[in-house]
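The values are calculated or read from the model by the stated rules, or taken from the named source; none is laboratory data. Model, not experiment: these values are computed from the prediction. Virtual Cβ from ideal backbone geometry, glycine too; neighbours counted across all protein chains shown. Accessible surface areas use protein heavy atoms only, side chains included; no ligands, DNA or RNA. Shrake-Rupley method; radii C 1.70, N 1.55, O 1.52, S 1.80 Å.
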Amino acid sequence: MHNTVQETLRTARTATARIRSGTSRWRSWRVVTATRHSLAVVTSTGWACLLLLGICVAGGVRAGWQEAWAAAVVLGVVVATAWLWLLPRGGHTVHHELFERRVTVGDNAIVHVTVHNPTGHPLLPTRMEMPVGAANAVFAVPTLPPGGDHERGFILPTARRSVVTVGPVISVNSDPVGLLRRERNRTEAQTVHIHPRTIRLGVTLRGIMRDVEGAVTQELSSSDVSFHALRDYVPGDDRRNVHWRTTARTGRLMVRQFEETHRANLLVLLDTRPDAYETTEDFETAISVACSLALNAISDGREVTVLTQTETLPTATGMRLLDASCLLTETPDAYGCDELARQATTRHPEASVMVLVTGQRCEDTVLGRVRTITPVDTVVIALRCGSRPFGRRTLGTLAAFDLDRLETLPAVMRRAV
């Protein structure tokens with residue numbers, strides 16, 4: 001009995017010690033966390049001011065300089081009063097929305113910000129910031145009465161194709177000197193896709209894809225859409241292909257035989273090497289040309305594949321293609337157009353039309369090899385974007401077209417077919 005009591009007391013002491021240890025660790029963690037939050041609001045200017053304050057105090061104590069003491073007093077007052085600017089100024093409710101999540105280069109993208117006072121008392125003025133890509137929009141919110149609103153509108157720059165992150169809206173408390181700064185997120189970040197410019201080609205694209213209804217091959221099939229001839233029935237043939245009129249006339253079972261057909265598949269190759277283009281704007285034009293060709297094929301219900309040296313762009317829908325094109329960048333160490341064409345035709349042997357979009361600095365010898373690499377029955381066209389206006393050059397059996405702006409593309413495609 002005595003041993004049992006001692007064992008119980010020992011267990012209780014151990015449990016109490018563990019609880020005290022856990023409580024002590026919890027308190028220490030809270031102190032460390034609070035200290036980190038307090039120090040996080042001090043800016044680089046604030047740390048410099050504190051360092052200068054320490055130097056002035058040291059100079060006043062050791063050297064007895066009255067000027068050092070005077071400077072220390074001024075700096076101390078500034079540091080002490082700076083914390084007053086971090087006092088909470090109320091509970092603003094902030095909402096920001098994008099009128100359009102997807103825009104085209106050159107169009108207006110508008111962000112609307114609404115700040116609301118949901119409390120029953122006025123809220124003091126405050127300053128808010130909203131990151132817009134690499135920039136930062138800063139605006140002041142005036143004193144809001146109970147239930148009052150403050151609205152602001154911002155126009156995003158859409159001069160370049162990109163994906164821009166907008167937000168979050170941040171409320172900023174800071175002293176006038178800039179020693180302390182406390183931020184609080186009020187909204188969630190959103191993204192805006194700035195699509196490249198594209199142009200409709202009309203019926204021209206169907207002219208390029210000559211075999212849109214199926215190009216007849218020399219391979220025979222027992223079921224297809226192109227009728228070829230009649231032959232004797234062989235066990236295993238589909239009874240639905242029996243030609244009963246001929247069977248009745250000849251007295252033998254005769255079945256229809258067809259020629260296999262292949263639907264047109266468009267393969268668009270986009271060269272992303274910076275060495276192929278004269279300027280960055282020419283690369284942007286090439287992206288617009290490639291997307292225009294693919295979008296026209298998608299709208300016509302045709303199979304299309306868009307390849308670069310580094311990736312395959314999604315073409316399930318036009319929107320997915322344009323969203324992916326916003327992230328395209330130049331690849332300095334990429335292989336040449338000839339290797340791109342070789343890999344593309346190997347991976348997509350079903351392609352009947354291949355359009356290579358590159359720059360005007362791409363060498364003629366490289367373009368000449370593209371035609372020798374691709375299958376003979378594949379229609380191959382090269383489009384070169386640059387400063388030279390609309391023109392045509394023949395490189396062996398390959399037709400290469402120059403264009404200096406996107407608006408020339410329909411005329412180029414009319415000449416290409």
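Assorted remarks:
- Among residues of region 136-192 being without any contact (Cβ under 8 Å) to a residue 24 or more places away in the chain and polar (S, T, N, Q), the one that is nearest to GLY106 (Cα to Cα) is ASN136.
- Neighbours by Cβ (under 8 Å, 6+ apart or cross-chain): first from region 90-112, in the same structural domain as VAL141 (by the TED database) and touching a residue at least 60 places away in the same chain (Cβ under 8 Å); second surrounded by fewer than 13 Cβ atoms within 10 Å (Cβ to Cβ) and part of a strand (DSSP E or B): ALA109/ILE155
- The single condition among (1) out of contact with any helix residue (DSSP H, G or I) (no Cβ under 7 Å at 6 or more places or on another chain); (2) surrounded by fewer than 22 Cβ atoms within 10 Å (Cβ to Cβ); (3) under 21 Å from ALA400 (Cα atoms) that ARG347 does not satisfy is (3).
- Verdict on VAL355 being touching a Leu at 6+ places or on another chain (Cβ under 9 Å) and part of a strand (DSSP E or B): yes
- Within region 126-158, considering residues that are open to solvent by 80 Å² or more (accessible area, probe 1.4 Å) and outside any strand (DSSP E or B), the one modelled with the highest pLDDT: PRO157
- Selection of region 180-233 for residues being open to solvent by less than 50 Å² (accessible area, probe 1.4 Å), part of a strand (DSSP E or B) and modelled with pLDDT of 85 or more yields GLN190, VAL192, HIS193, ILE194, HIS195.
- Region 109-125 - residue that is open to solvent by 10 Å² or more (accessible area, probe 1.4 Å) and assigned to a strand (DSSP E or B) and, of those, modelled with the lowest pLDDT: ILE110
- Those residues of region 292-308 which are open to solvent by less than 20 Å² (accessible area, probe 1.4 Å) and either free of Cβ contacts under 8 Å to residues at least 40 places away in the same chain or of a type in the set (Ser, Thr, Tyr) (or both), in sequence order: SER292, ALA294, VAL304, VAL306, THR308
- The set of residues from region 92-108 being open to solvent by 30 Å² or more (accessible area, probe 1.4 Å) and either under 25 Å from GLY148 (Cβ atoms) or outside any loop (DSSP other than H, G, I, E, B) (or both) comprises THR93, HIS95, GLU97, PHE99, ARG102, THR104.
- If you go through region 284-320 and pick out every residue that is more than 24 Å from ASP333 (Cα to Cα), touching a helix residue (DSSP H, G or I) at 6+ places or on another chain (Cβ under 8 Å) and of a type in the set (A, V, I, L, M, F, W, C), you end up with 6.
- Scan of region 60-87 for residues that are touching a Leu at 6+ places or on another chain (Cβ under 9 Å), modelled with pLDDT under 80 and open to solvent by 40 Å² or more (accessible area, probe 1.4 Å), ordered by number: TRP83, TRP85
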